[in-house]
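*Asks:* Here you go, one structure.
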Amino acid sequence: MPDQPDRDIGGNLVTLTGRRRAPTSGGNTKGRKEGFGSVRVLPSGRVQARYTGPDGLTHHAPTTFQTKGDARAWLALHHAEIISGKWKPRTADASVTFGRYAATWIADRPLKPRTRYHYQQLLDRLLPRFGAIRPAQITPDMVRAWHADMGDTAPTLRAHCYGLLRSILATAVHDELISANPCHIRGAGNSKRVHKVTTLTLGELAALVDAMPQRYQPMTLLAAWCGLRFGELTELRRKDVDLTNGVIRVRRAVTRVAGEFVVGTPKSDAGVRDVAVPPHLAPMLREHLSKNITGGRDGLLFPAAGDPTKHLAPASLYRVFYPARRAAGRPDLRWHDLRHTGAVLAASTGASLAELMARLGHSTPQAALRYQHASKGRDQEIAALLSKLVEAKQ
């Protein structure tokens, strides 16, 4: 009687005698599993391994690997255990410390360089208290004590640290390292805005622009009227400006990580966008392009003062921005408040929330709503319009 085909745990064709059947000639094996289990490369570059066990469940490696070879070696060990009958279902490594688990958690995520650096800084605040102990040893009392010890002098930092701790431990629950997340402090992941944003009036904006050095005036106007982020502005190049159609194409942004400039995509997928330039800015922008840009199509619009090939550092901008804001009578103003001003100006035209999200590059309505502020004098205008409703009926 001929051998009847069957499949092993890894999905390979075998015969009832246990021999693996060779694939048929001429078949296309592209995209198929290579042997037992499967491996995949994560966006971080690390390699994840998993297999289906005799219990019918998917089992993941407790950590990721540097190479596919290392991942397949791990799979081979477990395949051998299954064949020899020594296999037993394993849970996640309950002996791993929070510090080690958190480091792997960050390494495995497809984060932008700036975000990865920020997370690592937050983790450095968590490790002195939690780094050497196992996630299962972290209790709600310990979390509350740590949260109280951080104090309220830096509420945003504390909220970010708590949010990271909660997210890491939520993954630990999923990995069955712990049965429940010990982070239960209501509202601890949120922080109130410390800086109360007061957007610029048109008069204040004009005064600010006049007080800025000429080479920075177009940058200031684009920040306010187009709502561009600082990193988007400082990575703008000549090829990104389409004066024929009156559009700026935002495709990249630059961030500074540990003292180094890193060029990447904008903050979110929605940040990749075309922003229409108000027509009254076109002459100014055309003049700036004709006089101040070197390097051809790849020339930076707003480079460092001493080197047109290098990006403008925030500290260099602040040296001229701080005196200008004082001259405009707005010593409280932050550069990012110009983006808030742009949101208010756009909203005052009657733009819908979806239109504002598209213009500002926001991926969620919640993010866009954070940029909505009442403009000065608007409440009086609303009151006057309400009276007109009554007058219309008389």
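The values are calculated or read from the model by the stated rules, or taken from the named source; none is laboratory data. From a predicted model like this one, the values you see are computed outputs, not experimental measurements. Please note: Cβ atoms are built from the backbone with ideal geometry, for glycine as well, and neighbour counts cover all protein chains shown. Each accessible area value is taken on the protein alone, full model and side chains, heavy atoms only, with ligands, DNA and RNA left out. Shrake-Rupley method; radii C 1.70, N 1.55, O 1.52, S 1.80 Å.
*Asks:* Considering only residues that are in a loop (DSSP other than H, G, I, E, B) and either among the hydrophobic types (A, V, I, L, M, F, W, C) or open to solvent by less than 80 Å² (accessible area, probe 1.4 Å) (or both), which ones fall in region 307-323? Don't jump to the end; show me each part of the working.
*Replies:* Here is the first cut: in region 307-323, the residues in a loop (DSSP other than H, G, I, E, B) are 307-310, 312-313.
Of everything in region 307-323, those that are in a loop (DSSP other than H, G, I, E, B) and either among the hydrophobic types (A, V, I, L, M, F, W, C) or open to solvent by less than 80 Å² (accessible area, probe 1.4 Å) (or both) turn out to be ASP307, PRO308, LEU312, ALA313.
*Asks:* Here is a follow-up. Hey, can you tell me all the residues within region 329-354 that are open to solvent by 20 Å² or more (accessible area, probe 1.4 Å), of a type in the set (Gly, Ala, Ser) and touching a residue at least 24 places away in the same chain (Cβ under 8 Å)?
*Replies:* Passing the criteria: GLY329, ALA347, SER348.
*Asks:* Mind checking which pairs have a first residue in region 279-292 that is within 16 Å of ASN245 (Cβ to Cβ) and a second that is part of a helix (DSSP H, G or I) and among the hydrophobic types (A, V, I, L, M, F, W, C), Cβ under 8 Å, 6 or more apart or different chains?
*Replies:* Going by the 8 Å Cβ cut-off, the qualifying pairs are LEU281/LEU221; LEU281/LEU222; LEU281/TRP225; LEU285/LEU222.
*Asks:* If I ask for residues that are in a helix (DSSP H, G or I) and surrounded by 15 or more Cβ atoms within 10 Å (Cβ to Cβ), which ones from region 270-279 would you list?
*Replies:* ALA270, GLY271 - these are the residues of region 270-279 that are in a helix (DSSP H, G or I) and surrounded by 15 or more Cβ atoms within 10 Å (Cβ to Cβ).
*Asks:* Out of all the residues in region 80-87, is one or more touching a residue at least 40 places away in the same chain (Cβ under 8 Å), open to solvent by less than 50 Å² (accessible area, probe 1.4 Å), over 28 Å from the mean Cα position of the chain (by Cα) and more than 16 Å from LEU165 (Cα to Cα)? Working first, answer last.
*Replies:* Taking region 80-87 and keeping what is touching a residue at least 40 places away in the same chain (Cβ under 8 Å), we get 82.
Going one step further and asking which of them are open to solvent by less than 50 Å² (accessible area, probe 1.4 Å), we end up with 82.
Next, from what is left, pick out any that are over 28 Å from the mean Cα position of the chain (by Cα): 82.
Keeping just the survivors that are more than 16 Å from LEU165 (Cα to Cα) gives 82.
Yes, some residue in region 80-87 is touching a residue at least 40 places away in the same chain (Cβ under 8 Å), open to solvent by less than 50 Å² (accessible area, probe 1.4 Å), over 28 Å from the mean Cα position of the chain (by Cα) and more than 16 Å from LEU165 (Cα to Cα).
*Asks:* Still on this structure: Out of (1) touching a Lys or Arg at 6+ places or on another chain (Cβ under 6 Å); (2) modelled with pLDDT under 85, what's the single condition that is false for VAL39?
*Replies:* So the condition that VAL39 fails would be (2).
*Asks:* Right, next: Exactly one of (1) under 31 Å from the mean Cα position of the chain (by Cα); (2) among the small types (Gly, Ala, Ser); (3) in a helix (DSSP H, G or I) is unmet by ALA282. Its number?
*Replies:* Every condition holds for ALA282 apart from (1).
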